[in-house]
1. In the list 140, 134, 157, which residue meets the criterion of being more than 17 Å from the chain's Cα centre (by Cα), buried (at least 20 other Cβ atoms within 10 Å of the Cβ), at pLDDT 95 or above and in a helix (DSSP H, G or I)?
2. Just the residues that are out of contact with any helix residue (DSSP H, G or I) (no Cβ under 7 Å at 6 or more places or on another chain), surrounded by fewer than 22 Cβ atoms within 10 Å (Cβ to Cβ) and not in a helix (DSSP H, G or I), please, taken from the stretch 62-83.
3. Which members of the stretch 193-206 meet the condition of being under 21 Å from residue 160 (Cα atoms), part of a helix (DSSP H, G or I) and within 18 Å of the chain's Cα centre (by Cα)?
4. Tally the residues that are farther than 22 Å from residue 72 by Cβ and either in a helix (DSSP H, G or I) or in contact with a helix residue (DSSP H, G or I) (Cβ under 6 Å, 6 or more places away or on another chain) (or both), restricting the search to the stretch 171-184.
5. Quick one: residue 114 ticks every box in (1) farther than 21 Å from residue 222 by Cα; (2) at pLDDT 95 or above; (3) surrounded by fewer than 23 Cβ atoms within 10 Å (Cβ to Cβ) bar one, so which box is it?
6. Taking residue 168 as the residue in question, decide whether it is without any contact (Cβ under 8 Å) to a residue 60 or more places away in the chain, touching a strand residue (DSSP E or B) at 6+ places or on another chain (Cβ under 7 Å) and not in a loop (DSSP other than H, G, I, E, B).
7. Would you check which residues across the stretch 44-61 are in contact with a strand residue (DSSP E or B) (Cβ under 7 Å, 6 or more places away or on another chain), under 16 Å from residue 33 (Cα atoms) and in a helix (DSSP H, G or I) and list them?
8. Is there a residue being part of a helix (DSSP H, G or I) and at pLDDT 95 or above anywhere in the stretch 230-249?
């Protein structure tokens, strides 16, 4: 099995400002060990292993004490590696967002720490968007949310607004920095935030390319619109980068958030995740 993604940095540079107590990383993945947790045969890419221990080293450097593990498209609808990571990282301070099919034992996943279901319309290999409404009805009694990764939010916005559960938008709602803060994707994200039932993840590097300076206006616009419903995630181990030279440093990502919030980041890192994920 030959990875076609670069590994996360072996050591993380300490950020200029360490995260406050209770800070949460609301989006990352764990891969492997592949002898125990093999990748799905229909995966859209092959990442190198990214262990719980490696993640813990990075999180400790940033000061992140709570975490939300997200099942990635390379695992299909097999959530074993994600649920194992919840237990290994500590269920009191860990939650999971899973990818499911009709056969999933939702109550068992809930007991294990799952709080949401992800639809990935970018990488695929999970629940299809045709199942959005039916699955939302199934998870509503559990108090879960729907998380959506899409590059065409305007086409989905009305359906998301009508769901009987909260909605969490991945990666700045799929907006692209080159299109500006007034793009159709940003307008759709802001309309959903205006309903009071949508949240957005300020994991923003996928919106741009180096040196990423044009991401800030998007993040600031979302923060201004819904300061109580923005959360942040590293998106570790940063799949999609092909070379180690391209790989981002998580200390830098945390510094970006500090700059976007003008240092008033406790709400995004502590209070909002506690409300959304039940910490």
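1. 157
2. Result: 63, 76, 77, 78.
3. 193, the sole residue that qualifies.
4. Within the stretch 171-184, residues that are farther than 22 Å from residue 72 by Cβ and either in a helix (DSSP H, G or I) or in contact with a helix residue (DSSP H, G or I) (Cβ under 6 Å, 6 or more places away or on another chain) (or both) number 5.
5. In the conditions (1) farther than 21 Å from residue 222 by Cα; (2) at pLDDT 95 or above; (3) surrounded by fewer than 23 Cβ atoms within 10 Å (Cβ to Cβ), residue 114 misses (3) alone.
6. The answer is no for residue 168.
7. Residue satisfying the conditions is 55 alone.
8. No, that holds for no residue.
The values are calculated or read from the model by the stated rules, or taken from the named source; none is laboratory data. Everything numeric here is computed off the predicted structure, so don't read it as measured data. Positions of Cβ are generated from backbone atoms using ideal geometry, with glycine treated the same way; all protein chains shown enter the neighbour counts.
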